[in-house]
Structures are given as structure tokens and as C-alpha cells.
Amino acid sequence: MNTSDLPRKPRAGTALIHPVRPVARGFRSLAPGTERASTVLFDSVERWKNRSGFDESTYTYGTSGTPTTRDLANRIAEWEGGHGTVLFPSGLAAVAYGFLALVAPGDHVLVPENVYDPVRQLGKSLLARMGVRMEFYDPLIGRDIERLINEATRLVWVETPGSITMEVADLRAIAEAVHQRGVAVVVDNTYSAGLYLRAFELGADLSVHALTKYPAGHSDLVMGAITARDGPTLRRVQEVALTTGQCVAADDAYLVLRGLPTMPLRLAHVERVALDLANWLKMRPEVKRVLHPALPDCPGHEVWRRDFTGSSGVFSFIFSDEYGAEAATRFIEALRFFKIGASWGGIGSLALTYDLSKSRGAWPHQGALVRLNIGLEDPEDLREDLNQAFDALCTVD
Ligand SMILES: *Cc1c(COP(=O)(O)O)cnc(C)c1O
């Protein structure tokens with residue numbers, strides 16, 4: 001037999017890239033796979049020529065997704081009750097693209113005064129440069145938002161409860177009021193992890209959230225998502241995302257997929273612990289006010305009871321008038337288990353002070369404010385920690 005008739009074996013350098021012995025498929029487990037790609041391979045030139053990054057039934061390139069990233073996107077769309085989801089490399093990127101998907105030069109957008117602060121910066125920088133005007137509204141405005149709508153208004157942003165001060169917005173009333181004027185409603189749904197607030201049932205067109213928080217849940221990555229109510233709106237998000245190369249790594253997507261099954265349990269735990277601590281803080285003489293949507297004196301609490309099915313583990317409190325910003329700083333630095341740092345929704349408890357005098361000049365509850373994120377530590381240790389930090393305030397003076 002002539003050896004040249006046998007299929008020639010690739011040399012080692014080639015065989016390491018194009019394996020000769022394929023691995024059996026048909027494997028099933030409860031863990032999703034991690035499928036990475038820059039290049040995606042095509043069977044023919046014809047298929048390559050007819051590819052489309054928008055086609056969810058095929059894969060074209062790393063930036064338009066792999067089975068791992070699409071698995072995550074589909075699960076989010078499913079739990080939020082939307083048409084489809086696009087992933088972004090951070091929550092802030094998802095927020096920015098929530099605007100970029102819907103606005104054009106000359107447009108006017110309405111944003112609540114208690115919005116996640118980087119949105120203000122976005123309004124002052126990129127959106128201003130694009131000729132988009134950002135105006136702020138009282139988060140408790142409800143259907144009176146209609147009075148702020150003009151011919152140029154394209155989008156109303158809602159964040160509920162709002163960052164730091166926790167007012168609960170009446171999303172349903174806002175959506176009803178502005179939809180008849182042809183204005184879109186985008187909700188930053190990070191607080192409820194998309195689980196405790198049915199944004200689409202209440203009228204949202206886009207639901208944005210930071211997967212960094214409860215979905216990832218382990219303080220080890222940043223990622224964001226935009227979920228759209230319907231096909232045409234999803235297409236607008238996909239278009240800005242694909243044309244600017246927004247995508248996430250399969251390994252990070254895997255970590256979020258790994259966090260998801262335990263998310264409802266983690267949320268239920270921090271909800272209970274946060275509420276216990278909020279009620280305990282209310283009794284402290286050092287505390288003037290606790291800002292937690294499940295407490296009856298939280299602005300918008302009736303709306304929270306109507307629209308939300310739970311609360312999460314982030315809330316704020318304001319010191320009594322005799323304790324100023326300096327005391328709040330000392331308090332935070334005296335904490336042992338509550339650490340100093342941004343973000344929330346991860347494994348560890350966090351505490352930060354905020355100076356709202358610039359962004360919320362007209363807000364009626366001025367005072368030294370502390371925001372707490374309740375982590376997964378033993379609840380009794382957390383209470384003792386807060387207790388000893390209050391004690392430390394007295395002894396230093
Ligand atoms: C954290 C957060 C974001 C941004 O998420 P990152 O992943 O940290 O960029 C957006 N909105 C809200 C309400 C947030 O708390």
C-alpha cells in the first residue's frame with residue numbers, strides 16, 4: 001500500500017490547534033459551560049457572507065456573543081419578563097447605553113434628582129456634547145411628570161428606590177402619563193435585581209441593571225444588562241451595542257450564571273437582616289431617620305407596598321443633628337465588619353458617607369448620611385459591630 005494514500009496526519013504544531021481526536025459531545029450537567037471566542041468558525045464562504053450579528057440563531061464573532069453569554073442574557077430576559085437582553089461590561093455601561101439607544105441630538109431627557117450619581121456626570125459630559133439636555137425631576141412626582149414633557153422629550157429615566165435616599169417612584173403613574181406623549185420609560189432596576197419589581201408590567205420600555213450587584217453577588221466582577229420590552233426596542237439597543245463593540249467575557253458571564261441559582265436565597269437573607277437592622281437603628285438615639293423603602297415613613301412606601309415583592313440589603317440612615325459629617329466618618333472608620341468601599345450586593349457588608357448638599361440641595365432631610373450594604377456575615381456580628389461603632393462615637397468626644 002502506498003503511504004501517500006493515507007490521510008496525512010498534521011504535524012504537531014498543527015495538531016495542537018486542530019485536534020485529530022474530537023471529544024465526545026452529549027455531556028449534560030447542571031453547570032453551564034464556558035464557551036469563549038474571538039473567531040467563530042463557518043462551514044462555508046456562503047455562510048460567512050450571509051452572517052448577521054443580530055441573528056440570535058447563529059454565532060458570528062466574539063463581540064456578538066457565545067453560548068455562555070447568550071445563556072445569561074436569555075435567563076435575564078426570562079426573569080425580567082422582557083423580549084430580550086443585551087449584556088454590557090459594567091452596570092454603568094448599561095446605564096449609558098440605555099440613553100444612547102434612544103436619544104439623538106436636540107432631545108430632552110428627564111432624570112430623577114435621586115439618580116445614581118454617575119448619570120449626572122453623563123448628562124454634563126457626553127450627553128451635553130451630543131446636544132441632549134438632561135433635566136431633573138422630583139422622584140415622587142408621579143403623573144405630574146406630564147407637565148415636564150415637551151416636544152423634544154424622548155425619555156424619562158426612573159430609578160426606584162433611588163440611590164442613597166431611597167424614595168420609591170410611582171413607575172406605573174409615570175409610564176401612563178408619558179407613554180401617551182410618545183416618550184420612552186427606562187428603569188434602573190438594580191435595587192430589586194430585576195426580581196422584586198416587574199418593570200415591564202408597570203410600563204417600562206427598557207430595564208437596566210448592574211449585574212455587578214446581586215446577580216454576580218460575590219464582589220468579584222462588574223457587568224450590566226439592558227432588557228427590552230419588545231423587538232423593535234431591543235433592536236435599537238443591539239444596534240448601539242454591536243456597532244460600538246460592547247460585549248462581556250464568557251468567563252465573567254459564567255461567574256454570573258454561577259451566582260444566579262443562589263440569588264433569591266441571598267436576597268431573602270439580606271432582606272431580613274437589613275430590615276432587622278433598619279428597625280434597630282430607628283431606636284438608636286444617635287439616628288434621626290432611617291431610609292428604607294419597607295419602613296412606613298419612607299417617601300413612596302405605599303407605592304413600594306403596591307409594586308414591590310421585597311426589599312434588598314442596601315439602605316441609609318441620617319445621624320441626629322448633634323452628629324456631623326466628621327462623626328459619621330469616625331463611625332464608619334470604627335466599624336470592623338462593615339468595610340469602606342463602593343458598590344453593594346456582594347458578599348461583604350459595606351458602609352459609606354455621602355454629602356448630598358450639592359446634588360440634593362432642596363432635600364428636606366439634610367444631615368450626616370451613611371449608606372449600609374448588608375452582606376452575608378452573621379447578623380449578630382453586624383449588629384454588635386454597629387453598636388460598638390456608636391459607642392466609639394461617645395468615647396472619642
Ligand atoms: C452600581 C450601580 C450601577 C452601576 O453598576 P456598575 O457595575 O458598578 O458600573 C448603576 N445603577 C445603580 C443603581 C447602581 O447601584
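Just so it is clear, none of the values below were taken in a lab; they were calculated from the coordinates. As the structure is a prediction and not an experimental result, all values here were calculated from the model. Quick reminder, even Gly has a Cβ in these numbers, built from the backbone with ideal geometry, and neighbours come from all protein chains shown.
In whole Hz, with x marking every Gly and Pro, tabulate ³J(HN,Hα) for the stretch 8-16 from phi via Karplus 6.51 cos²θ - 1.76 cosθ + 1.60, θ = phi - 60°.
For the stretch 8-16, the Karplus curve yields 6, 6, x, 6, 3, x, 7, 5, 6 Hz.
Out of residues 5 or more away from Val185 or on other chains, whose amide H comes under 5 Å of its own, with H placed 1.01 Å from N in the peptide plane?
Those qualifying (amide H under 5 Å, at least 5 residues apart or on another chain) are Val156, Asp205, Leu206.
What residues qualify as long-range amide H neighbours of Ser219, i.e. H under 5 Å apart, gap of 5 or more or another chain, H built at 1.01 Å from N?
Ile347
Beyond 11 Å, what share of the Cα-Cα pairs of the stretch 51-90 is found? Please give it as a whole percent.
On the way: 497 of 780 pairs.
Tail fraction, whole percent: 64.
Mind listing which GluC sites (Glu not before Pro) in the stretch 315-397 are in a DSSP loop and have 15 or fewer other Cβ atoms within 10 Å?
On the way: sites: Glu322, Glu326, Glu333, Glu377, Glu380, Glu384; in loops: Glu322, Glu377.
Answer by residue number: Glu322, Glu377.
Placing unit charges on C-beta atoms (Lys and Arg positive, Asp and Glu negative, everything else neutral), compute the dipole magnitude of the stretch 45-261 about its Cα centre in debye, rounded to 20.
Details: 20 positive and 26 negative charges, 102 e Å.
Dipole magnitude for the stretch 45-261 comes out near 500 debye.
Between Gln366 and Ala128, what is the FRET efficiency for a Förster distance of 45 Å, r being their Cβ-Cβ separation, to the nearest 0.05? Please report the intermediate quantities before stating the final value.
Working: r = 28 Å, r/R0 = 0.62.
For Gln366 and Ala128, the calculated efficiency is 0.95.
Checking the cross-link filter: which aspartates and glutamates have an alpha carbon closer than 20 Å to that of Lys358, excluding same-chain neighbours under 8 positions apart?
Cross-link targets: Glu113, Asp117, Glu135, Asp138, Glu159, Glu167, Asp321, Glu326.
Any idea how far the Cα center of the stretch 58-79 sits from the one of the stretch 282-327, in Å?
Here the two parts' Cα centres lie 38 Å apart.
Out of residues 5 or more away from Ser90 or on other chains, whose amide H comes under 5 Å of its own, with H placed 1.01 Å from N in the peptide plane?
Gly224
In nm, to one decimal, how far is the modelled label at Glu56 from the one at Arg11, with both set 7 Å along Cα→Cβ?
4.7 nm
For the chain, calculate the relative contact order in percent as a whole number, restricting contacts to Cα pairs under 8 Å that are 6 or more residues apart. Intermediate values should be presented prior to the final figure.
Working: 733 pairs, mean separation 61.8, N = 397.
Contact order relative to length: 16 percent.
Multiply the residue separation of Val20 and Arg305 by 0.36 nm, subtract the distance between their alpha-carbon atoms, and state the gained length in nm to one decimal. Display every interim value, and only then the final one.
Values: separation 285, 0.36 × 285 = 102.60 nm, distance 6.11 nm.
Difference between extended and current length: 96.5 nm.
Using the Karplus curve 6.51 cos²θ - 1.76 cosθ + 1.60 with θ = phi - 60°, work out ³J(HN,Hα) for each residue of the stretch 253-268 in order, rounded to whole Hz, and write x for Gly and Pro.
Listing the rounded values in order: 4, 4, 4, 5, 4, 5, x, 4, x, 8, 4, x, 5, 5, 5, 4 Hz.
Across the stretch 370-384, in residue order, what do the Karplus-derived ³J(HN,Hα) couplings come to in whole Hz, using 6.51 cos²θ - 1.76 cosθ + 1.60 with θ = phi - 60° and x for Gly and Pro?
Calculated HN-Hα couplings, in order: 10, 9, 10, 10, 8, x, 9, 5, 4, x, 5, 5, 5, 5, 4 Hz.
Can you give the FRET efficiency for Glu322 and Ala31, using 1/(1 + (r/R0)^6), R0 = 45 Å, r = Cβ-Cβ distance, to the nearest 0.05? Spell out each step's value before the answer.
Details: r = 54 Å, r/R0 = 1.20.
Calculated value: 0.25.
Scanning the chain for trypsin sites (Lys or Arg not before Pro) in DSSP loops with at most 16 other Cβ atoms within 10 Å, what's the longest stretch left with none?
Numbers: sites that count: Arg8, Arg11, Arg25, Arg28, Arg36, Arg51, Arg181, Arg336, Lys358.
It runs 182-335.
Based on Cβ point charges of +1 for Lys and Arg and -1 for Asp and Glu, what charge dipole magnitude is obtained for the chain about its Cα centre, in debye rounded to the nearest 20? List each step's numbers first, then the result.
Values: 42 positive and 48 negative charges, 327 e Å.
Its charge dipole is roughly 1580 debye.
In nm, what is the difference between 0.36 nm times the number of residues separating Glu46 and Leu265 and their Cα-Cα distance?
On the way: separation 219, 0.36 × 219 = 78.84 nm, distance 4.83 nm.
Additional length available on full extension: 74.0 nm.
Hey, which aspartates and glutamates would be in cross-link range of Lys213, C-alpha to C-alpha under 13 Å, not counting anything within fewer than 8 residues on its own chain?
Those aspartates and glutamates meeting the cut-off are Asp188.
Rounded, prolate or oblate, given the Cα gyration tensor of the stretch 156-206, with a/c below 1.5 counting as rounded?
Working: a/c = 2.16, a/b = 1.59, b/c = 1.36.
Judged from the Cα gyration tensor, the stretch 156-206 comes out prolate (a/c at least 1.5, a/b above b/c).
Kirkwood Rh, Cα Rg: Rg to Rh for the stretch 192-307? Can you show the working numbers first?
Details: Rg = 17.7 Å, Rh = 16.8 Å.
So for the stretch 192-307, dividing Rg by the Kirkwood Rh gives 1.05.
Please provide three numbers in whole Å: the alpha-carbon extents of the stretch 45-261 along the principal axes, with the largest listed first.
Each principal axis gives a Cα extent; for the stretch 45-261 these are 55, 37, 31 Å.
Which value in deg cm²/dmol, rounded to the nearest 500, describes the helix-derived mean residue ellipticity at 222 nm for the chain, given -39,500 (n - 2.57) per DSSP H run of n ≥ 4 and division by the residue count?
Values: 13 runs with 132 residues, N = 397.
That calculation yields -10000 deg cm²/dmol at 222 nm.
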